[in-house]
Amino acid sequence: MKWNTLLLASVVAATVSSAQADEKAPAALNFTMKSITGQDVNLADYKGKVVLVVNVASKCGNTKQYAPLEELHEKLAGKGLAVLGFPCNQFGGQEPGTEAEIAQFCAETYKVKFPLFSKIEVNGANAAPFYKHLTTIDTKPKGAGDIKWNFEKFVIGRNGDVVARFAPATSPDSQEVMAVLEAELAK
């Protein structure tokens, strides 16, 4: 009987502790995603950082944006920026590869060192819950709604709020994006 009581008490304590940890995670970071190598990544680990979230593709006219994304990662990671890439094949079939092929392409072609995640859907019934959340928030300058194409960008501030959303053609190192990143990094 004592063993059952002890086991129940530890299960309850673990559940309460887990629930408290989840409560502390801001809504935009209260998700677990798979890394490109298959490990679970709790996005709450990025709490307190400025996070630039981008749906990426290897065979898109915007693929060249990997270069400025990596430059931002190298230049600003030490100041608290986290660049996160989420491969998606929903737009023109422009991310057809496996996770291993995507990782190899990014490493060899663009020397990408920022975290990449497993291929996901960003729109529709099968969209990743993380992206379902991001696309419901009315942020400037783009607003709420479906992702339009590869390389759409979201900025999550240090406090966990989604503070900006940029169209695919907007370069990650553009004046508009940099102004938001610098303002959030200064907080």
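The values are calculated or read from the model by the stated rules, or taken from the named source; none is laboratory data. These numbers were taken from a predicted model, which means no experiment stands behind them. Cβ atoms come from the backbone with ideal geometry, glycine included; neighbour counts cover every protein chain shown.
Some points to look at:
Rundown of residues vs (1) at pLDDT below 95; (2) under 19 Å from residue 34 (Cα atoms); (3) β-branched (Val, Ile, Thr), yes/no style:
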{"site": "99", "(1), (2), (3)": "no, yes, no"}
{"site": "114", "(1), (2), (3)": "no, yes, no"}
{"site": "122", "(1), (2), (3)": "no, yes, yes"}
{"site": "126", "(1), (2), (3)": "no, yes, no"}
{"site": "142", "(1), (2), (3)": "yes, no, no"}
{"site": "145", "(1), (2), (3)": "yes, no, no"}
{"site": "148", "(1), (2), (3)": "no, no, no"}
{"site": "157", "(1), (2), (3)": "no, no, no"}
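- Residue 165 passes every criterion in (1) touching a Ser or Thr at 6+ places or on another chain (Cβ under 6 Å); (2) among the charged types (D, E, K, R); (3) assigned to a loop (DSSP other than H, G, I, E, B) apart from (3).
A quick yes/no check of all residues on (1) within 14 Å of the chain's Cα centre (by Cα); (2) among the hydrophobic types (A, V, I, L, M, F, W, C):
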position	(1), (2)
24	no, no
42	yes, no
53	yes, yes
72	no, yes
89	no, no
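- Check on residue 85, in a loop (DSSP other than H, G, I, E, B) and either at positive phi or surrounded by 14 or more Cβ atoms within 10 Å (Cβ to Cβ) (or both): no
- Just one of the listed residues (64, 79, 59) is under 28 Å from residue 27 (Cα atoms) and more than 17 Å from the chain's Cα centre (by Cα), namely 79.
- Any hit, the stretch 28-49, residues being out of contact with any Ser or Thr (no Cβ under 7 Å at 6 or more places or on another chain), surrounded by 12 or more Cβ atoms within 10 Å (Cβ to Cβ), in a helix (DSSP H, G or I) and modelled with pLDDT under 95: yes
- Of all residues making up the stretch 99-143, the number that are out of contact with any strand residue (DSSP E or B) (no Cβ under 8 Å at 6 or more places or on another chain), in a loop (DSSP other than H, G, I, E, B), surrounded by 12 or more Cβ atoms within 10 Å (Cβ to Cβ) and free of Cβ contacts under 8 Å to residues at least 40 places away in the same chain: 4
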